Structure formats: structure tokens, C-alpha cells
Amino acid sequence: MKVLPFSQLILGLLLLLQRGKRAAAQEATSYFGGVDNEAYLDWLAQSSYDKTSFLPSTTQGEELGVALHWSTDDSTIRLAVAAKATGWVGLGLAESGSMRGADIILFTAETNELVDSYVLDQLVKPFPDDCQSWTLIDSIVEGGFVIFEATRLLDTGDTQDRPFLDDSSVLIPATRVIAAWGDTSTTSFHGSNTARSSLRFFGDATDEIAAFERVMQDEAEASFTVQADNFQVPVVKTYYHYVCVSEAEILAMGVPLDQDLHTIGVEPIVNSAYVHHFIVVGSSESWDSTGDCEEDFPGYELAYVWAPGDLPLSLPSNVGAPLGSAGFTSFQIEIHYNNPNLDLGSLDSSGIRMYYTSQKREFDMGVFQLGDPDIGLYGQLVSPDGGLSTHEFACPSACSTNYATQPVTVLREHLHMHQSGVSMTNTQSRNGEVLREGSVDFWDFNQQGNLAVVQEPFQLQPGDAFRTTCNFDAKNGEVFGLGSEEEMCIAFLYYFPRQDSLLFCGLGSGQDLPGCESEYTTVAAEFSEFGRSFGPAPATCPVDGSEGEPPVRAPTSAPQSESEDDDLVSASPKIGSW
């Protein structure tokens, strides 16, 4: 084998890097619909960034939106934001995809000022941070564009900043971002000038999509769809549309549901700008399409969630989701439409394409539901006093002791409430010691529905206990139930290998699964009691120019014990390639 000199290897790497930058620049020529974007292209020709993405307007098509360019090193991010505007533009890191709980930077053209800002529960003009972490590098306002360039530490250590987590692994949900812009001389209500997406600041979405396509081409035998059928988007601002696909309908698509199959990938189909997000649930019970899809569908086990920017999902090479004789046989999709301008005549057929194989993979994926998965609180008032309340469900260690025969790996953790939800946590403990906590400080049902916690996979061992806490602001007599206008408190853990009876732990679960009855408590609450980490003013501001830490890894489980649990740790199955 011929060994290249070191200088040639370096030259080759530089050429690859330049090729990637040229490809990104070429892609950017189509931003803003490729129309009236000369001022932006002139700026782009003089700039140099490693990565780029376009966030199209959520309601006004591809001609409006925000172009984002960025480069990172071990401690900092340098980014540029461009919008078709004359007054101001803002960009935010958004925990749940909304303004609530967002870390926002706002640039105003008239004053050439960049303000590090944040928003808490109320949808109001962002508050300036006590500590200003961003440094403005340059800006231009010409040709109908506002463009600014700025830099910041990846992790400032500021409680009013959100860190840029290392999201390069497809095991970790991408980073949710929002944007807005306007033509007024000061920051004001943005109206329909908004965009939102999910980005990998440390990954390559193009490679991720290409990798998904290759895996599905090589390993999937066929696919089927769960989607709307030319549904006319109603002329209302917000509408939830339900579509159910029965076992008979899936059989008619050629899927052999009488066989034991594995779903190995899910691809979103989105063909309308009015689709805000959607949720897909599955059922292994028979459903014949004669009942009401929203009210009578016999299951609510989460199968997939999509929000703008989300990419196709490919399961690890040794894991599959049960489909057919040992898994789901029918599905329901809930599509949230957003039509703020009350436009007429739009048709939509959005949904998902599910890829499957009869060549079973090594492990089945299971779902462990915590909190109140059986809706044991059905019909009860969420907040009897008509205000803030906390509901806590403590799943004892006996549940995982009884039904987890080995350590399992949790791939994703989804948190779920409805419209009066405020915040939620799911805490994992072992031997009385807290290991980790999945959380959302600022819940917004209208933006996400089911929130995937941004973290690395973690391990669940026999004997682990969980505490699921949901905080609500229920002022209108809301009760617990199945409808979107009612409330739920459920954490979904997607794990492998599937354990036959590691299914539920909640109110009433102990009747079928002894040891899995949760202890339930509820109290009236105050916002100050919700234990949020984002928003409080920091005790001191970080020193300007201080050296930052390398990119922060997404949260994961606690360090492995060196005790008698070592045998359990070593027995845990490994995640296959993606």
C-alpha cells in the first residue's frame, strides 16, 4: 500500500474542506427563493463559513426566511444571520421550538446594536440578559437585507444563555432554533415573519439524509405511508386534523401484517407550509375504521413526532420497532395546521413513510411509559384552585427489578403534556441516588406536542426508580383525559432490547404489573418552585475573552459504578451503527 506524505494528506483535507464550502455557497444561491437576493449573494461571496442552512418562513414560503451561516472551533461559534428586512432580525435557541424559554440575539439596524436576550413564560418582547455574551463582528443593511455577524463562547456558563451542545451524533435530537424579522426601526411584534427549524451545529444534515437513503435502499424491503389525503386546510388560525389507518388499509398497501416485521426507518412527508407539527401513535389492537378517529382509536403509544427541520429517523443497525403480528397494526396521525393569514384553498397530504423488513434485527425496541400512562386521573381537575399545580408520580425500583431482566439502553426520551403544561421532569435514581434528569423548563404544546430530550442515550438497570413531575397552569377547568383539550403527564422511554413486561409504571399499572404502581402526590404550586435552570440572573458575569471549554456533550447518564453493578454494565447490549 502506498503511503502518502504528510503534506499531501494535509493538502487533501484542505481541498475537501474547500469543496464543502463551495457546495454550501452554491446551495445558498437558492436561498430566499433565489429571487431578489443579490445583496445577500454579494455579501456571501466575501464571507467564509463552514456550514449553512436556510430557515424558510413558517407561513409565507421560500422567498422569506432567515439564512444562517456558522463555523465552530473548540470553544467558540462564529455565525452570520441574514433576513429580507430593513429594521431588525433575531435568532434564538429554543428548548421546545417556541419563544418560551428561548435564548435570543436581536440585531437592530438603525442603532447597529446586538442584544443578548431571553424569554420566559410570557410571549413578550425579549428581556436583555444581565450579561451580554455575544460580540458583534460586522453588519450590513442594503438591498432589502439585514445581515449581522457575531461570535460567542459555545458554553458561557450564563444561566440566561443556552449552550451550543455537541449534537453531531444522530443519537441526539438536533438543536431547535427560531427566527423572526421586521422592518420597524425597533424590535416589535413579528406577525407572520417567523421561521423555525432543527439544526445540527456540529453535524452534517446532508450526510445524514444520504446515509438514511442508503440504509433504507440496502435494508428495507418495502414501505407504506400514514398520511392525510388532499385534506383542505381550514380557514382558521389553528386546527388539529386526525387521520387513522386501519389494519385492513395497511394490508391493502401490500404490508404482510400477519408476519413478524421490524420498522427500521421513518421519513417525514411534508408538502404544505401550513403544517406546524404532527404526532403519530400506533396500536396493536384491531381497529376497523368505523369509529371516530380522534376519540375511538385504541392506542396512544408514540410512534413518531415531526417538527420543522426534523430529519428522517433510522434506527441502529441492530434494533427494529415491532410491526405486524408482534407489533403495531394500525396508526393515527394528528396534524397541527397553522394558518395565521386565513388563506383559502390549500390542500395537504403530509404524513410519514415507514420502512420495514421481515429480516428481524437482533433486538426489538420497547417503550416504557412513566407518569400516568393509563390516565388514572381521568376526569379529575388538573388544578382544583384554578391556577398552578404540580403532579408527581414516583415509580418504585420494584418495577424495573421485576420486569427488566438485564440492563437496557434508552435511545430516546419523550416528554408529553397538553396545552396547560408549563414544565416537566423525569428523574432517574439508582440505590437512592439521582443519576440523571430529562426535563423541559418551558413547555409549549402548540410548538412540539411531544418533546425529545436533547441528551445522549443512557442505561436503565434493574432496580432503577423514576419520578415524573408535571407542572400545569390550568385556569379553565381542564381535566385529565385523552383529548388535546384535556391533560396528560407521560414520559416515553424508547429502549432496547425489549423486555416483555417493562411496559408501564403509573396509577393503576400495579393491577397488571405488580410492583409498577406509582405513588402519586399533587399540590398547588408557584413558578418559583418549578426548579428551572434557565432564566435566573447569574451571580457574576463570565470574564470577556476567557477561554471556553470544548463543545459540551449532551447530557447522559452518571459515571458507571465500580461496585457490584459492574457485571450488569458489561452485559448491556451495544448500539449498532447508524
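As a rough guide to protection, the peptides 456-465, 283-292, 93-102 ranked by mean Cβ packing within 10 Å, highest first, stand as 93-102, 456-465, 283-292. Measuring nothing but how far apart in sequence close Cα pairs (under 8 Å, 6+ apart) lie, relative to its length, the range 307-372 scores a relative contact order of 57 percent. Averaging Cα coordinates gives a centre for the range 421-443 and one for the range 283-331; these two points are 26 Å apart. Mind checking which of L377, H414, T401 is farthest towards the positive end of the range 362-474's charge dipole, using Cβ charges of +1 (Lys, Arg) and -1 (Asp, Glu) about the Cα centre? The listed residue farthest towards the positive side: T401. For the chain, with all protein chains in place and a probe radius of 1.4 Å, 50% of the accessible heavy-atom surface sits on carbon or sulfur. A 1.4 Å probe run over the protein chains yields, for the range 396-443, 33 Å² of accessible area per residue, whole-number rounding.
Computed on the chain, with alpha-carbon pairs under 8 angstrom and 6+ residues apart, the relative contact order is 16 percent.
When peptides 260-271, 513-524 are sorted by average Cβ neighbour count within 10 Å, with the highest value leading, the order is 260-271, 513-524. Annotation: for a label point projected 7 angstrom from Cα along Cα→Cβ of E142, no residues of the range 98-123 have a backbone N closer than 15 Å.
Note on T401/E62: beta-carbon distance plugged into 1/(1 + (r/R0)^6) with R0 of 56 Å gives a FRET efficiency of 0.55. Considering helices alone, the calculated mean residue ellipticity of the chain at 222 nm is -3500 deg cm²/dmol, with DSSP H runs of length four and up weighted by -39500 (n - 2.57) and normalised per residue. Each part gets one Cα centre, and for the range 375-398 versus the range 179-215 those centres are 36 Å apart. Think of the chain as having a plus end and a minus end, set by charges on the Cβ of Lys, Arg, Asp and Glu; of V215, G291, V146, V146 sits farthest toward the positive end of this dipole. Averaged over residues, the count of other Cβ atoms within 10 Å places the peptides 142-154, 528-540 in the sequence 142-154, 528-540, highest first. Here the contact order of the range 33-112, divided by its residue count and restricted to Cα pairs under 8 Å and six or more residues apart, works out to 18 percent. With axes computed from alpha carbons, what is the tilt in degrees of helix 6-28 against the longest principal axis of the chain, rounded to the nearest 10 within 0 to 90? The answer is roughly 90 degrees. If we count every other residue with Cβ under 12 angstrom of D229's Cβ, Lys/Arg +1 and Asp/Glu -1, where does the sum land? Here the count lands on -2. Taking mean projected area of the Cα convex hull in nm² as calculated from this structure, the corresponding entry among (i) 29.1; (ii) 27.6; (iii) 58.9 is (i). I'd like the distance between the alpha-carbon centres of the range 102-134 and the range 481-535, rounded to an integer number of Å. Going from one Cα centre to the other spans 35 Å. In the context of the full set of protein chains, the range 52-146 has a per residue accessible area of 37 Å² (1.4 Å probe).
Roughly how tilted is helix 205-219, in degrees to the nearest 10 and between 0 and 90, from the longest Cα axis of the chain? Around 40 degrees separate the two axes. Can you tell me the accessible area per residue over the range 236-369, all protein chains present, probe 1.4 angstrom, in square angstrom? Per-residue value: 38 Å². Which net charge results for the neighbourhood of G506, defined as the other residues with beta-carbon distances under 10 angstrom from its beta-carbon, given Lys and Arg at +1 and Asp and Glu at -1? Its environment carries a net charge of -3.
The values are calculated or read from the model by the stated rules, or taken from the named source; none is laboratory data. Predicted model only: the values in this text are computed from it and were never measured. FYI the Cβ positions are ideal-geometry reconstructions off the backbone, even for glycines, and counts take in every protein chain you see. Accessible surface is based on the protein model in full, side chains and every heavy atom, while ligands, DNA and RNA are left aside. Shrake-Rupley method; radii C 1.70, N 1.55, O 1.52, S 1.80 Å.
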